[in-house]
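Worksheet: the structure to be examined is printed underneath.
The values are calculated or read from the model by the stated rules, or taken from the named source; none is laboratory data. Keep in mind it's a predicted model, so treat the numbers as computed, not measured. FYI the Cβ positions are ideal-geometry reconstructions off the backbone, even for glycines, and counts take in every protein chain you see.
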Amino acid sequence: MRIGILGTGTLAEGLGRVWVRAGHELVIGGRSRARADALAERLGGPTRAASPRDAATGRDAVLLAVSWAGVEDILRAAGAPEGSLAGTPLIEPTNAVEHGVGVLLTAPGTSAAERIAALAPGAHIVKALHLFAADQWTGRPAAVDGHHGPAPTVAICGDEVAALRVVGDLIRDLGGVPAVLGPLARARQLEEVAGFVIGLSFAGVDPATAVPHVPREQVTA
């Protein structure tokens with residue numbers, strides 16, 4: 001696929017590195033062209049740097065890889081309010097949470113994903129990849145095997161079936177298993193889960209110990 005990445009930080013580099021290995025063509029667009037150039041050089045392969053607008057235009061998918069504070073600026077630089085992302089699957093892994101606490105910064109009843117949808121009219125938003133750090137993926141092979149433990153489940157949500165399919169394929173390339181939770185209206189629920197995980201982690205608790213294991217046969221019975 002032809003993938004645009006808006007951002008030049010840890011997540012952009014981590015996911016980009018695995019997608020390059022999987023054979024995808026990347027275009028990096030950041031607020032700093034120098035940092036975009038440097039990242040493109042580190043990733044190698046069919047990767048180049050460009051303006052945010054060029055990175056967002058004519059792609060099979062675009063990854064929004066900036067902090068919540070930088071979302072509006074990068075989307076404006078990419079021309080999203082003017083429709084540059086219309087019809088494009090936009091992977092949205094943003095955590096709009098208070099650092100070290102996990103409380104959501106968005107108003108009750110709203111979500112970061114829905115705010116991003118308003119900033120990028122026509123984009124096919126898919127909430128995904130917001131629960132795992134970048135190094136979760138860089139240490140995994142593109143095709144998961146039994147030597148690396150079970151593949152991580154990546155909960156996603158969105159309104160467009162085709163966009164969910166594209167993002168699901170890219171998650172599989174990372175070594176994960178996509179699980180569609182529902183439409184974008186459920187993004188708030190996924191974002192609350194991130195707040196839950198972040199809050200417990202900063203409190204010194206392993207979040208995995210706070211989630212009960214429910215055998216599949218009990219769920220399907």
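Just one of the listed residues (47, 8, 57, 88) is over 16 Å from the mean Cα position of the chain (by Cα), modelled with pLDDT of 95 or more and buried (at least 20 other Cβ atoms within 10 Å of the Cβ), and it is 47.
Of all residues in segment 25-38, which are within 14 Å of residue 170 (Cα to Cα) and either of a type in the set (Asp, Glu) or surrounded by fewer than 20 Cβ atoms within 10 Å (Cβ to Cβ) (or both)? So that I can check it myself, show each step before the final result.
So the first thing to find is which residues in segment 25-38 are within 14 Å of residue 170 (Cα to Cα), and the list is 25-26.
Hit for segment 25-38 is 25, nothing else.
Filtering segment 178-212 to residues that are surrounded by fewer than 17 Cβ atoms within 10 Å (Cβ to Cβ), out of contact with any Cys (no Cβ under 9 Å at 6 or more places or on another chain) and closer than 15 Å to residue 110 by Cβ leaves only 192.
Taking residue 67 as the residue in question, decide whether it is farther than 13 Å from residue 90 by Cβ, surrounded by fewer than 24 Cβ atoms within 10 Å (Cβ to Cβ), hydroxyl-bearing (Ser, Thr, Tyr) and over 16 Å from the mean Cα position of the chain (by Cα). No: the conditions fail for residue 67. The residues of segment 1-27 that are assigned to a loop (DSSP other than H, G, I, E, B) and under 13 Å from residue 46 (Cβ atoms), listed by number, are 1, 22, 23, 24.
Within segment 102-117, the residues that satisfy the criterion of being over 12 Å from residue 71 (Cβ atoms) and hydrophobic (A, V, I, L, M, F, W, C) are 103, 104, 107.
Among the candidates 42, 76, 115, 31, single out the residue that is of a type in the set (D, E, K, R), within 21 Å of residue 185 (Cβ to Cβ) and either in a helix (DSSP H, G or I) or more than 17 Å from the chain's Cα centre (by Cα) (or both). Explain how you work it out, then say what you get.
Details: 42 fails: within 21 Å of residue 185 (Cβ to Cβ); 76 fails: within 21 Å of residue 185 (Cβ to Cβ); 31 fails: within 21 Å of residue 185 (Cβ to Cβ).
Answer to the selection: 115.
Determine, yes or no, whether residue 71 is of a type in the set (A, V, I, L, M, F, W, C) and either assigned to a loop (DSSP other than H, G, I, E, B) or over 20 Å from residue 25 (Cα atoms) (or both). Judged against the criteria, residue 71 is a match.
Among the residues of segment 79-96, those identified as in a loop (DSSP other than H, G, I, E, B), within 20 Å of residue 159 (Cα to Cα) and of a type in the set (A, V, I, L, M, F, W, C) are 85, 86.
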